[in-house]
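Structure, as structure tokens:
The values are calculated or read from the model by the stated rules, or taken from the named source; none is laboratory data. Note that the structure is predicted; figures quoted are calculated from it, not measured. Here the Cβ positions follow ideal geometry from the backbone for every residue, glycine too, while neighbour counts run over all protein chains shown.
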Amino acid sequence: MCHLDRSRTVSSSCAVERPVFVFFLLAARSSGYHRAVNLKIQFQDSAAFAAPLLAVFAVDIATGDDHAPSPALLTTSDALANAAAPWLASGEFKAKLGETLLLHSPADITAQRLLVIGMGRASMLSIDEVRKAAGVVVRFARACSLPDLAIAFPEDKALSDEHMDSLPCNLTARAIAEGALIADFDIDFYRSDRKDQSIHTATVLHIEADKMSEAEMQAGLDEGIMIGHSQNFARSLVNEPGNILTPTELGRRTAAMCADVGLTCEVHSIDRILELKMGAFAAVTQGSPAPPALIVLRYEPDTPPTEGAPLIALVGKGITFDTGGISIKPAADMDKMKYDMAGAAAMIGAMRAIAQLKPAVRVLAIICSCENMPDGRAFKPGDVITAMSGKTIEIMNTDAEGRLVLADGLHYAKTLGATHLIDAATLTGAIGVALGLLNAGLFSNDQDATQRFLNALSTSGEKFWQLPCTDDYREQIKSQIADIMNTGGSRYGGAITAAMFLKEFAGDTPWIHLDIAGTAWLDDTKPWQSKGPTGIAVRSIIEWVRSYAG
Ligand SMILES: [Zn+2]
């Protein structure tokens, strides 16, 4: 009865605009993010390269907390080392991460300016500092209106082994590209007086090496370009306001991107959602006049997969605006709720990169996108709805809507044959209470899948922390009148409660849940990255997927 009522209201609410079952494969429209920055690597002496700005990396090789900083350049170029030597000796530059020192008209160097960038302690150095420092170079150059720059490749052999671990040259090249592209992104798309400060060319310079190392560096740089652009594509989606990026528009932009990179994309709306009996997804969308979008992306490797090969499914929460529904949110900071589709954006961005990196594994992405609005037709606390899996859900709070759309997305992925599931969602405020705004939350029912994800973090540089998701927490979601309820019986451990809810729908299939509510948006600009959408999870998901490649 309840189900029939709901179907009717949902259909009628869509009478105004009716893209009921739509393929947008050929509907090319601006994807909102197109950059033509010319990022390349050249094998030559950096001191002899003509550029308005040449950047070189520095680390602090002092050991122990009491020692005065001892900055050293990561270059084998004597000209660069000589130009910076007096300033490094003076003590005014300490090589802290992100610290800069600008020298004009340096002697014996062709570039007009030499910028020294700190990367922090040599003993603590990882690829992530390279990524950030490359970002600092780009944001420094943008602020000085110097759109053409060069970067001297950080050479670990400039220091003896006791100071630092070696930096693999392919990952270093990749991190430079990622860091440069991530830094070259700002959020002021809609300002009439917007100044386009984008970088035009960034040339990475490495002295001639053996052919194999050169090929590795080139390949790393190429990968970094694909991944950096894909992360920015995700960020550009998250940055869009809710009135512009409706679920339909998210479908359109995703389809346009898929057409560009050669992915299959289907965009469905309410009729298909009802046909699939996605009762949880349908309940969330029914309070909004904007039609929902069920977006399905498929990547197939060039070589056909063998029998029993994995099919990875990425499932994204795509709430393009979350008011909380009838359990409405307070007014303060509600504007930020345009970001409630950051999980969907992460999956779409990851798929963009996967299409270009071409791992030998099948990948599927399912995006459940709609608005969560208060309305006479909206779902209400106390309602009982039936998810696609057949489970009944008592609604305790309509603001816990992300887990509802994901429940149907996860189940749908399984019906399509998914062997491994991963979801990403700005799911709970509680994750920020638990972990602060630095680490995102990771929950799983499978330690092998988890370990692969944790391994991916050393390459991606992203921070995720595993939290428990064991069955003794299941008490939290027990309902008096239905199979489960959508929020916990107590306010404690809210992020775990949400994960336990999703676990019901993952079942026995290996599954990872990423709660990125605290990390998908940066409130303050960093020296290497603008404030606004971060694109968190894109890089880690890519690496995790690649770990399954045959
Ligand atoms: Zn919500």
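Each residue in region 107-131 was checked for being within 16 Å of Cys144 (Cβ to Cβ) and either in contact with a strand residue (DSSP E or B) (Cβ under 7 Å, 6 or more places away or on another chain) or not assigned by TED's automatic domain parsing to the domain that holds Leu159 (or both), and 6 of them qualify. Of everything listed in (1) within 15 Å of the ligand (Cβ to nearest atom); (2) buried (at least 24 other Cβ atoms within 10 Å of the Cβ); (3) more than 15 Å from the chain's Cα centre (by Cα), the single unmet condition for Val363 is (1).
With respect to Asp399, determine if the residue is away from the ligand (no atom under 13 Å from the Cβ), surrounded by fewer than 24 Cβ atoms within 10 Å (Cβ to Cβ) and more than 25 Å from Ile227 (Cα to Cα). No.
Could you list, in sequence order, the residues of region 461-489 that are over 18 Å from Phe443 (Cβ atoms), within 31 Å of the chain's Cα centre (by Cα) and among the small types (Gly, Ala, Ser)? Result: Gly461, single match.
Among the residues of region 314-327, those that are in a loop (DSSP other than H, G, I, E, B) and near the ligand (Cβ under 10 Å from one of its atoms) comprise Thr323, Gly324, Gly325, Ser327. Strands (runs of 3 or more DSSP E) fully within region 415-533 that include at least 2 residues being more than 28 Å from Thr386 (Cβ to Cβ): 440-444, 464-466.
Taking region 276-292 as the range and being hydrophobic (A, V, I, L, M, F, W, C), in a loop (DSSP other than H, G, I, E, B) and under 24 Å from Ala346 (Cα atoms) as the test, the residues that pass are Met278, Ala290. The selection criterion, being under 19 Å from Asn232 (Cα atoms), at pLDDT 95 or above and touching a Lys or Arg at 6+ places or on another chain (Cβ under 9 Å), holds for Ala175. When we screen Glu216, Glu266, Glu240, Glu223 for residues that are in contact with a Cys (Cβ under 7 Å, 6 or more places away or on another chain), at pLDDT 95 or above and among the acidic types (Asp, Glu), the only hit is Glu216. All of Ile295, Ile273 fail the test of being of a type in the set (A, V, I, L, M) and in a helix (DSSP H, G or I), apart from Ile273. Report yes if Ala425 is in the same structural domain as Gln480 (by TED's automatic domain parsing), within 16 Å of the ligand (Cβ to nearest atom), in contact (Cβ under 8 Å) with a residue 60 or more places away in the chain and surrounded by fewer than 24 Cβ atoms within 10 Å (Cβ to Cβ), otherwise no. Criteria not met by Ala425.
State which residue is surrounded by the fewest Cβ atoms within 10 Å (Cβ to Cβ) when the search covers only region 333-360 and only residues that are of a type in the set (A, V, I, L, M, F, W, C) and within 16 Å of the ligand (Cβ to nearest atom). This residue is Met334. For the condition more than 16 Å from the ligand (Cβ to nearest atom), closer than 21 Å to Glu275 by Cβ and either buried (at least 24 other Cβ atoms within 10 Å of the Cβ) or small (Gly, Ala, Ser) (or both), Leu294 qualifies. Taking Thr392 as the residue in question, decide whether it is away from the ligand (no atom under 16 Å from the Cβ), touching a Cys at 6+ places or on another chain (Cβ under 9 Å) and within 19 Å of Asp483 (Cα to Cα). Answer is no for this residue.
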